[in-house]
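We did not get these values from a lab; they are worked out from the coordinates using the rules stated. What you are looking at is a predicted structure, and each value in this text was computed from that prediction instead of being measured. Heads up, the Cβs are rebuilt from the backbone with ideal geometry, glycines too, and the neighbour counts pull from every protein chain shown.
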């Protein structure tokens with residue numbers, strides 16, 4: 001089963017929920033006679049990955065990743081402009097007798113290479129980030145992507161992170177999504193069996209929750225909501241969820257102790273063990289909501 005944990009806006013506690021869900025599922029505090037779940041945690045927030053601060057994995061593998069960008073051999077190029085014509089992202093341009101490549105705009109589609117009539121374009125790897133793999137003391141398998149500073153495109157790293165070292169049969173995969181509803185979020189959520197949306201009871205929280213729900217509808221993924229900082233704002237998030245028929249699966253109150261734990265780099269269930277059974281119950285609710293094909 002693949003659970004994507006996302007939020008329409010940043011700062012709602014998405015990683016707080018995702019890390020505690022992973023620990024509750026795969027940790028050692030299970031009832032006698034029950035086995036912990038085999039958990040794979042993917043930190044897909046590659047522009048600002050921070051789940052490692054709470055799960056504290058030991059990394060064993062590191063791999064650079066990138067996209068193939070055009071490399072023009074000027075001695076073969078006739079500057080016909082065909083490469084610029086086929087590029088949908090304006091990543092290559094022909095100015096007089098000079099062909100210019102803009103790596104930050106290139107999506108690595110290869111159209112220019114295939115369409116060049118002179119065979120003057122080759123492809124070279126442009127490193128834009130890295131993938132890392134390790135495990136935590138609790139037995140949670142951990143992987144993350146890290147986008148290089150200044151690189152504009154997160155999607156290629158997220159796509160490669162999802163397919164690097166495929167999950168084992170029966171493994172619970174938790175994808176910690178970037179905030180928002182843009183392309184990196186869509187790529188993270190695509191292919192998930194369930195989308196857990198973390199929000200807060202504020203006007204901004206409601207506005208961005210509606211956007212995230214619309215993304216889930218487009219991707220036809222079942223949705224549930226966690227309300228963090230419950231009691232801080234008003235009832236409009238509750239009213240919206242009731243109106244559209246989305247279940248509220250967990251409420252986390254506005255509590256200074258939680259903020260202090262997060263600031264110390266502690267997972268919620270580690271700092272406040274009374275939340276442990278609540279996250280176990282959250283996982284059980286999600287499992288019941290997922291179609292049979294996606295269950296553990």
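Helix-only arithmetic for the chain: the sum of -39500 (n - 2.57) across DSSP H runs with n ≥ 4, divided by the residue total, places the mean residue ellipticity at 222 nm at -9000 deg cm²/dmol. Average 1/r across all pairs of distinct alpha carbons in the chain, invert it, and you get the Kirkwood radius: 20.7 Å. Quotient of the Cα radius of gyration of the stretch 67-127 and 2.2 N^0.38 Å, N being its number of residues: 0.97. The stretch between residue 204 and residue 109 holds 30.5 nm of extra length on full extension. This uses 0.36 nm per residue minus the Cα-Cα distance. Taking Cα atoms, how many degrees apart are the long axis of helix 14-26 and the longest axis of the chain, rounded to 10 and kept between 0 and 90? The answer is roughly 70 degrees. Determine the distance separating the Cα centre of the stretch 41-55 from the Cα centre of the stretch 129-166; give it in Å without decimals. Rounded to whole Å, the Cα centres lie 8 Å apart.
Across the chain, C-alpha contacts under 8 Å between residues 6 or more apart give a mean separation that, scaled by the residue count, equals a relative contact order of 27 percent. Take the Cα radius of gyration of the stretch 1-137 and divide it by 2.2 N^0.38 Å, N being the number of residues; the result is 1.59.
Here the contact order of the stretch 67-127, divided by its residue count and restricted to Cα pairs under 8 Å and six or more residues apart, works out to 49 percent.
Helix 203-219 versus the longest principal axis of the chain: what angle, 0 to 90°, nearest 10, using Cα atoms? The angle comes out near 70 degrees. Put simply, the Cα atoms of the stretch 167-282 extend 40, 37, 24 Å along their principal axes, the longest span coming first.
For the stretch 233-296, the equivalent ellipsoid derived from the alpha-carbon gyration tensor has semi-axes of 25, 20, 8 Å in decreasing order. Here the Gaussian network model covers the chain, with springs between Cα atoms less than 10 Å apart; of 223, 186, 262, 262 fluctuates the most. With a simple spin-label model that places each label point 7 Å from the Cα along the Cα-to-Cβ direction, the separation between residue 148 and residue 86 comes to 2.6 nm. Across 270, 78, 199, mean-square fluctuation computed from a Gaussian network of the chain (C-alpha pairs under 10 Å connected) peaks at 78. Can you give the FRET efficiency for residue 260 and residue 220, using 1/(1 + (r/R0)^6), R0 = 51 Å, r = Cβ-Cβ distance, to the nearest 0.05? For residue 260 and residue 220, the calculated efficiency is 0.80. By the Cα gyration tensor, the stretch 132-193 has an equivalent ellipsoid whose semi-axes, rounded to whole angstrom, run 21, 15, 10 from largest to smallest.
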